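Here, each number is a calculation from the coordinates, and none is a lab measurement. What you see is a predicted model, and the numbers here were worked out from it, not measured in a lab. Note: ideal-geometry Cβ built from the backbone for every residue, glycine included; neighbour counts use all protein chains shown.
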Amino acid sequence: MYQKCPICDGQGIVSKPPYVAGDQNTWVSDRTSYPCKTCNGTGLIVAPTPNSEAKEANNENI
Ligand SMILES: [Zn+2]
């Protein structure tokens, strides 16, 4: 079961270099996009076990 990567919003690329900490908002770089490290550029991640996500998933059925 896969779901859209929340880090890159399914794009597979991110604007922040992978070596920049998550809470760091400024960095020096001449590039504007990097492969998403969380999903390895696929835009998809393995979904967590459905137990804790059941309530959110049910919203799609309404
Ligand atoms: Zn991603």
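Net charge of the neighbourhood of PRO18, taken over other residues with C-beta under 12 Å away and scored Lys/Arg +1, Asp/Glu -1, is +3. Rounded, prolate or oblate for the range 2-50? Axes are the square roots of the Cα gyration tensor eigenvalues, ordered a ≥ b ≥ c, and the cut-off for rounded is a/c under 1.5. Prolate. Straightening the chain between MET1 and ALA47 buys 16.0 nm, computed as 0.36 nm per residue apart minus the Cα-Cα spacing.
Residues whose amide H lies under 5 Å from that of GLN11, counting only those 5 or more places away or on a different chain, are absent; hydrogens are built 1.01 Å from N in the peptide plane.
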